[in-house]
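Data first, discussion second: the structure below is written as structure tokens.
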Amino acid sequence: MLPITDFLSCTDPLDEFDSLSYHQTHHAKTYVTGLAAARSKTVTGIAREVLPAQGDRALNKFLTEYDWDGDQLNHERLEELQKHGETRWSQDGYIVIDDSVFQRTGKELPGAGEFYDHTEGEPVWGQDLVYAFYTDDKTSYPLAFRQYEKADDEDQDDEETKYDLAREIVTELEEEVGVPADTYLFDSWFAHDSDLIKHVESYGKDWIGPLRSNRQVTFDNEEMRVDALEERIDKVEREIDEETYKIWTRTLPISKLGEVRLVIAEKVTDKDEDNPVKYLATNKIDAPSGHLIRSYSYRWRIETFFEDSKQDLGLGGCEVRDSDGASRHWHLQMLTYSLLRLGPESSVSERLVSKASSLRAQLEHGLKEAIYNMFSWVRDQDHDLDGLMEEIDHLFLHSEGSL
């Protein structure tokens, strides 16, 4: 994992955030440093590894008692990212809407319940967050989130669905944040909601999303399932980004969506894929099919974000039972991810590794580079390699709190 001392230089932008007081900024730096570099991502673990001489009381109060606005912090994070060319958003970028479930065991955690986890293929006990995520050919980072909570039986009429939360996020991005990206990308779950589609279109934005195989389409004046249509057409083989597809496309009526563009694409070069045939729908009527397939591939970036965040940045590691505290933890986790994406301007690794790649890959690359440079220095200085290895063993055995 990234050494704590190496991450501290990344936290300097927090000094300019108006949402945090001087002392709150200090706690925020401690917390995001712990999320990036500490082995345990809990409040206790972060306090132990980043502040070995202090307890976790101050950090816990920072999350649950101090007066600061997570939404304002988030907006300041996004403003900071626009100051740097490598993370500045553009019209050509994409906004991905998706949700992620992370498994938990605590029954008292905010919003905990039984949710269907598509990665596991079954319901699990955990917490569920709906995210908006920005991505383009040079960078990727989260934009905003909402927690989805299942209502009690007596409150079912007031329950917000994941579709409702997604529409709230779109409103925030378009009316408050002003993200210029022209195109929204959905998975089949969110593409199923026609109200969400219409909401995106009300802002003059485009969208691309896959249809479920049972979605009804009208072809030659006959209504049928889209997978039945796939059996009646002749697809044309095409090469797109070194992948071979069989493609058919037409503008036609689709249930609840009206007249939209349909692209049926079957990947030929990867027959082992679970679903080699994709049914992509979009309001980009005149766009080439190659552009639509290439554009939709950017949706995978949010899956990388979820994987990195769960494995390395404490997305599912918050044990705070206070709902405001949990929300602040997730805001700080997004800040940590963004600071890692931004990174030190002088970092060789950041210049060599694409910002769109997995953070785990970037950290591994940086570690390999550091080890290579160390051994090169030892060789050039004619130092004793055995003596150096003893020093490294001593470092790992007796200075674990600094890693």
Would you confirm whether or not the range 339-346 contains a residue that is of a type in the set (S, T, N, Q) and in a loop (DSSP other than H, G, I, E, B)? yes
Regarding the range 150-165, can at least one residue be identified that is under 16 Å from the mean Cα position of the chain (by Cα) and either crowded, with 17+ Cβ neighbours inside 10 Å or closer than 22 Å to Asp308 by Cα (or both)? no
Pairing a residue in the range 138-151 that is without any contact (Cβ under 8 Å) to a residue 24 or more places away in the chain with any residue that is open to solvent by 40 Å² or more (accessible area, probe 1.4 Å) and outside any loop (DSSP other than H, G, I, E, B), where Cβ atoms lie under 9 Å and the two sit 6 or more apart in sequence or on different chains, gives Arg146/Asp164; Arg146/Glu168; Ala151/Asp157; Ala151/Asp158
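Quick one: count up the residues across the range 205-218 that are loosely packed, with under 14 Cβ neighbours inside 10 Å and under 24 Å from the mean Cα position of the chain (by Cα).
Our first condition is that a residue be loosely packed, with under 14 Cβ neighbours inside 10 Å; within the range 205-218, this holds for 212, 214.
Adding the requirement that they be under 24 Å from the mean Cα position of the chain (by Cα) leaves 212.
Qualifying residue count, the range 205-218: 1.
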Selection from the range 221-233 of residues open to solvent by 60 Å² or more (accessible area, probe 1.4 Å) and either touching a strand residue (DSSP E or B) at 6+ places or on another chain (Cβ under 9 Å) or under 26 Å from Thr119 (Cβ atoms) (or both) yields Glu223, Arg225, Arg232
Log entry, pairs with first residue in the range 295-319 being of a type in the set (Gly, Ala, Ser), second being assigned to a helix (DSSP H, G or I) and open to solvent by 20 Å² or more (accessible area, probe 1.4 Å), beta carbons closer than 7 Å, six or more apart or on different chains, reads Gly316/Lys310
Reported set for the range 139-170 where residues are at pLDDT below 75 and not in a loop (DSSP other than H, G, I, E, B) is Asp153, Glu154, Asp155, Gln156, Asp157, Asp158
Val320 passes all but one of the listed conditions (1) under 19 Å from Arg104 (Cα atoms); (2) open to solvent by 30 Å² or more (accessible area, probe 1.4 Å); the exception is number (2)
Checked against (1) modelled with pLDDT of 90 or more; (2) over 20 Å from Gln91 (Cα atoms); (3) among the acidic types (Asp, Glu), Asp286 satisfies every condition except (2)
Among residues of the range 298-317 being open to solvent by 10 Å² or more (accessible area, probe 1.4 Å) and assigned to a loop (DSSP other than H, G, I, E, B), the residue modelled with the highest pLDDT is Gly316
Note on Glu176: of the conditions (1) open to solvent by 30 Å² or more (accessible area, probe 1.4 Å); (2) closer than 29 Å to Ala132 by Cα; (3) part of a strand (DSSP E or B), unmet is (3)
Picking from Thr105, Thr64, Thr87, Thr119, the residue that is over 25 Å from Asp164 (Cα atoms), under 21 Å from the mean Cα position of the chain (by Cα) and β-branched (Val, Ile, Thr) would be Thr87
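For the range 181-193: of the residues being part of a loop (DSSP other than H, G, I, E, B) and open to solvent by less than 40 Å² (accessible area, probe 1.4 Å), which is nearest to Glu79 (Cα to Cα)? Spell out how you get there, then give the answer.
First, the residues of the range 181-193 that are part of a loop (DSSP other than H, G, I, E, B): 181-182, 187, 192-193.
When the remaining residues are screened for being open to solvent by less than 40 Å² (accessible area, probe 1.4 Å), the result is 181, 187, 193.
Numbers: Ala181: 15, Asp187: 28, Asp193: 31 Å.
Filtering first and then ranking leaves Ala181.
Can you tell me which residue in the range 14-38 is surrounded by the fewest Cβ atoms within 10 Å (Cβ to Cβ), limited to those that are among the polar types (S, T, N, Q) and not in a helix (DSSP H, G or I)? Give the steps one after another, and end with the answer.
So the first thing to find is which residues in the range 14-38 are among the polar types (S, T, N, Q), and the list is 19, 21, 24-25, 30, 33.
Narrowing further to those that are not in a helix (DSSP H, G or I): 19, 21.
Working: Ser19: 19, Ser21: 13.
Among those residues, the one meeting the criterion is Ser21.
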Output for Cβ contacts, cut-off 6 Å, separation at least six or different chains, first residue basic (Lys, Arg) in the range 202-228, second crowded, with 19+ Cβ neighbours inside 10 Å and not in a strand (DSSP E or B), reads Arg215/Val226
Of all strands (runs of 3 or more DSSP E) fully inside the range 243-297, the set with 2 or more residues that are surrounded by fewer than 15 Cβ atoms within 10 Å (Cβ to Cβ) is 243-254, 258-267
The correct count of residues that are under 19 Å from Asp187 (Cβ atoms) and β-branched (Val, Ile, Thr) in the range 230-284 is 6
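The values are calculated or read from the model by the stated rules, or taken from the named source; none is laboratory data. No experiment lies behind these values; they were computed from the predicted model shown. Methodologically, a virtual Cβ is constructed for each residue, glycine included, from the backbone with ideal geometry; neighbour enumeration extends over all protein chains shown. Calculation scope for accessible area: heavy atoms of the full protein, side chains included, ligands and nucleic acids excluded. Shrake-Rupley method; radii C 1.70, N 1.55, O 1.52, S 1.80 Å.
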